[in-house]
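So the structure is just underneath, and the comments pick up after that.
What follows draws every value from the coordinates through simple rules; no lab data is involved. Please read all numbers here as calculations on a predicted model, not as lab measurements. Cβ sites come from the backbone with ideal geometry, for glycine too, and all protein chains shown count toward neighbours.
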Amino acid sequence: MNLILRNMRFDPEDYMRGISYHTALPDLHYPLKFFQIEAFQKPGEKEFEKLKQQVLRGKEHEEEKEEKLILCANCRHKITSSEEIIEIKGRHRHIFNNPHGIIFEIGCFSSADGCARQGKPTLEFTWFEGFAWSFAMCSKCHLHLGWHYAGENGFFGLILSHLIQM
């Protein structure tokens, strides 16, 4: 059963009575997951009351966001977390090539406690103007994970293929 929801307010009481919605609604402020998955299962009284309060307050129904760990793909050592994801130059992900032509897809993180910095920071061949880079290695297995960029607001640019998210 597919629900097309547009231009209609969702009333939790109607939901519990089993009224189906077939009108298409453009300004829906609730994620479709709520309707597509939970509409097929009658929630318990406690769950329903929680959902009703969220809807009545105008909040989206979403699961509590858990911190996702980001680990070294080689040894599974904790490197950072999803909470440390940042945007540099308007993006989290960047693709660069080094002077030898090797292409890297990196993600930017405000910190990476599981990395050990190696080498003297240099501005030579930097991918981010004004930031001096040094190597960022896994502090457990010493795999090259990316670079630390030192500057006014330093950050880590980590090679995404060398990381896994749990």
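Computed FRET efficiency, Cβ-Cβ of ASN97 and LYS68, R0 35 Å: what is it to the nearest 0.05? Let's see the in-between values first.
On the way: r = 29 Å, r/R0 = 0.82.
Here the calculated transfer efficiency is 0.75.
Which whole-Hz ³J(HN,Hα) couplings does the range 102-118 yield from phi under the Karplus relation 6.51 cos²θ - 1.76 cosθ + 1.60, θ = phi - 60°, glycine and proline marked x?
Residue by residue, the range 102-118 yields 6, 9, 10, 9, 10, x, 9, 9, 5, 8, 8, 4, x, 9, 10, 8, 9 Hz.
Which pairs break 32 Å Cα to Cα here: LYS46/LYS68; LYS120/LYS140; LYS50/LYS89? Provide the component values of the computation, followed by the final result.
Values: LYS46/LYS68 27 Å; LYS120/LYS140 20 Å; LYS50/LYS89 40 Å.
Checking Cα-Cα distances, LYS50/LYS89 exceed 32 Å.
To one decimal place, what Kirkwood hydrodynamic radius in Å is obtained for the range 104-143 from all pairs of distinct Cα atoms? Could you put the intermediate results ahead of the total?
Working: mean 1/r = 0.0885 Å⁻¹.
Evaluated over the range 104-143, this radius sits at 11.3 Å.
Taking amide H positions as placed 1.01 Å from N in the peptide plane, with prolines and chain starts having none, which residues 5 or more places from ILE86, or on another chain, fall under 5 Å of its amide H?
Sorted by chain and number, the residues that satisfy this are CYS108, PHE109, SER110.
List, in order, the whole-Hz ³J(HN,Hα) value for each residue of the range 91-99 obtained from phi through the Karplus relation with A = 6.51, B = -1.76, C = 1.60 and θ = phi - 60°; use x for Gly and Pro.
3J(HN,Hα) across the range 91-99, in whole Hz: 9, 7, 9, 9, 10, 9, 10, 7, x.
Just to check I understand the Karplus step: with θ = phi - 60° and J = 6.51 cos²θ - 1.76 cosθ + 1.60, what whole-Hz values come out for the range 66-76, glycine and proline as x?
9, 5, 9, 7, 10, 10, 5, 5, 7, 10, 6
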